[in-house]
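One structure below.
The values are calculated or read from the model by the stated rules, or taken from the named source; none is laboratory data. Quantities reported herein were computed from a predicted structural model and do not represent experimental measurements. Positions of Cβ are generated from backbone atoms using ideal geometry, with glycine treated the same way; all protein chains shown enter the neighbour counts.
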Amino acid sequence: MNATTSRAMSLDEAISCLSDYDPKALPVSRVREIIERVVEPVEAIERVAIRSALGRVLAEDLISPIDVPSHDNSAMDGYAVRSADLAADAPTALRLVGTAVAGQPFEGRAGAGDTVRVMTGAVMPEGFDSVVIQEVVSLDGDRVMIPTGQEPGQNRRLRGEDLSRGKPALRAGKRLAPADLGLLASLGFAEVPVRRRLRVAFFSTGDELRSVGEALAAGEVYDSNRYTIHAMLTRLGVDVVDMGVVRDDPEALEHAVRVASESADAIISSGGVSVGEADFTKQVMDKLGDIAFWTIAMRPGRPMAFGRIGRASYFGLPGNPVAVMITFYFFAREALLRQMGAQVEPLPFVRARSLTAFRKRPGRTEYQRARLAHEPDGTMSVRSAGSQGSGVLRSMSEANCVVVLHHDQQAVAVGDLVDCIAFDGLI
């Protein structure tokens, strides 16, 4: 299924597709399958200036109105020649008849035995098919000596080589990057059609939580989750709605969820979904929407809830700070990109040699905080970033990757190769 799938399934329909569904021990891969089947992209489209389009999701295929480049042109500073004029077994003397630079084509007459001085980007003179770089020629007045060994068509860029008129320049679902904006500008696009921004509401739950700036009483802690979630959502390019801290109270939770579902496309909560904690949360969510509570076969981040409340998708993340970030990046992030209408690609693995032994038994996926490094021999190595407790947020700050120990994988010994996902560009 991709971002353009016509109809998303209900949660029950998605679950019914799995023959091995077990909400008390659900593999990571099954969680992704269910979420992928349920979420659907926003439909509204708006036009924005390309300077405002960075990170936005293209809503339609964009067709090139021109050839790029618009003419055959020189890829190097040198001399335009006709390859048929060049001798195969001896240097060839040609007559220099003019110069062409980018934006100023050669306008004289040139024929057999002639050459034209060309700068990079200059339009190739008619009938000339190759460029000899300036470093290899010798000059004697208006005579240019071309050495042997030249290839027909060398150092020449053909008209339409980068992109032909009438061909798709960018496909719908592309999340626009700086290179894409440059490409659009090169084609003359001033505006582009994009999906409207996704609106995501989020809140933390817990009587013990206090916001930054408030005094702490005994047993209270500052709420870090809202700040990490806000930052992760901001980097994703959505409109964020911070709803603060919701008390451990059914009425307060119901009010917050109702307000969020009326204005947002997605809702993210942290805390209140663990066994024992989730009792009143489950009652409220069953009343308001179609929600499943899972114990996922992973570490950190075992408890999680997912479903729909009205038209909004809902992600109930764990309360521990590291578990919040891991479940966001490996479940919520991909789902939100799908809701944005983006083409979703799996996060790329970096293969590295482990300098740390990791204990692991088959039957769950583990995400170990670690640091990737380049070794002098050009290979990659990785070592643990220290304590792997799900409440140790400092370890996420000190790490630059996670080592992914897959569901069926066993213990890792020093020297084993492991899969890593780098934080660069992600966190």
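Out of A215, A179, report the one residue that is in a loop (DSSP other than H, G, I, E, B) and aliphatic (A, V, I, L, M). If you could, list the steps in order and put the result at the bottom.
Working: A179 fails: in a loop (DSSP other than H, G, I, E, B).
Answer to the selection: A215.
Could you tell me whether segment 79-97 includes any residue that is under 40 Å from the mean Cα position of the chain (by Cα), in contact (Cβ under 8 Å) with a residue 12 or more places away in the chain and surrounded by 16 or more Cβ atoms within 10 Å (Cβ to Cβ)? Don't jump to the end; show me each part of the working.
First pass over segment 79-97, keeping only residues under 40 Å from the mean Cα position of the chain (by Cα): none.
Checked segment 79-97: no residue is under 40 Å from the mean Cα position of the chain (by Cα), in contact (Cβ under 8 Å) with a residue 12 or more places away in the chain and surrounded by 16 or more Cβ atoms within 10 Å (Cβ to Cβ).
Considering segment 10-44 alone, what residues qualify as being of a type in the set (G, A, S) and in a loop (DSSP other than H, G, I, E, B)?
Restricting attention to segment 10-44, the residues satisfying the condition of being of a type in the set (G, A, S) are 10, 14, 16, 19, 25, 29, 44.
Hits for segment 10-44 are S10, S19, A25, A44.
For a quick check of your reading: which strands (runs of 3 or more DSSP E) sit entirely within segment 291-403 and have at least 3 residues that are farther than 16 Å from E33 by Cα? Step through it out loud before you land on a result.
Working: elements: 303-309, 312-317, 350-354, 365-374, 380-384.
Passing ranges, in order: 312-317, 350-354, 365-374, 380-384.
Within segment 156-170, take every residue that is surrounded by 18 or more Cβ atoms within 10 Å (Cβ to Cβ) and of a type in the set (D, E, K, R) and give me the one that is farthest from A59 (Cα to Cα).
Checked segment 156-170; the qualifying residue farthest from A59 (Cα to Cα) is R156.
Mind checking whether some residue in segment 381-399 is surrounded by 18 or more Cβ atoms within 10 Å (Cβ to Cβ), more than 27 Å from the chain's Cα centre (by Cα), outside the structural domain of L233 (by TED's automatic domain parsing) and of a type in the set (A, V, I, L, M)?
Within segment 381-399 (the criterion being surrounded by 18 or more Cβ atoms within 10 Å (Cβ to Cβ), more than 27 Å from the chain's Cα centre (by Cα), outside the structural domain of L233 (by TED's automatic domain parsing) and of a type in the set (A, V, I, L, M)), the answer is no, since none of the residues qualifies.
If I go through segment 45-97 residue by residue, how many of them are touching an Asp or Glu at 6+ places or on another chain (Cβ under 9 Å) and assigned to a strand (DSSP E or B)?
15
Just checking, how many residues over segment 157-176 are within 30 Å of M232 (Cβ to Cβ) and either assigned to a loop (DSSP other than H, G, I, E, B) or in contact with a Pro (Cβ under 6 Å, 6 or more places away or on another chain) (or both)?
If we filter segment 157-176 for residues that are within 30 Å of M232 (Cβ to Cβ), which is where we start, we get 170-176.
The next check asks that each one be either assigned to a loop (DSSP other than H, G, I, E, B) or in contact with a Pro (Cβ under 6 Å, 6 or more places away or on another chain) (or both); those that pass are 171-174, 176.
Here the count works out to 5.
Being in a loop (DSSP other than H, G, I, E, B), touching a residue at least 60 places away in the same chain (Cβ under 8 Å) and assigned by TED's automatic domain parsing to the domain that holds S52: is that true of G188 here?
yes
Looking only at segment 361-379, count every residue that is surrounded by 16 or more Cβ atoms within 10 Å (Cβ to Cβ) and either farther than 17 Å from F423 by Cα or free of Cβ contacts under 8 Å to residues at least 40 places away in the same chain (or both) and tell me the total. Give the derivation first.
Quick first cut of segment 361-379, residues surrounded by 16 or more Cβ atoms within 10 Å (Cβ to Cβ) only: 364-372.
Now restrict to residues that are either farther than 17 Å from F423 by Cα or free of Cβ contacts under 8 Å to residues at least 40 places away in the same chain (or both): 364-365, 368, 371.
Within segment 361-379, residues that are surrounded by 16 or more Cβ atoms within 10 Å (Cβ to Cβ) and either farther than 17 Å from F423 by Cα or free of Cβ contacts under 8 Å to residues at least 40 places away in the same chain (or both) number 4.
Are any residues in segment 40-62 surrounded by 13 or more Cβ atoms within 10 Å (Cβ to Cβ) and farther than 16 Å from R175 by Cβ, and if so, which ones?
Passing the criteria: only E40.
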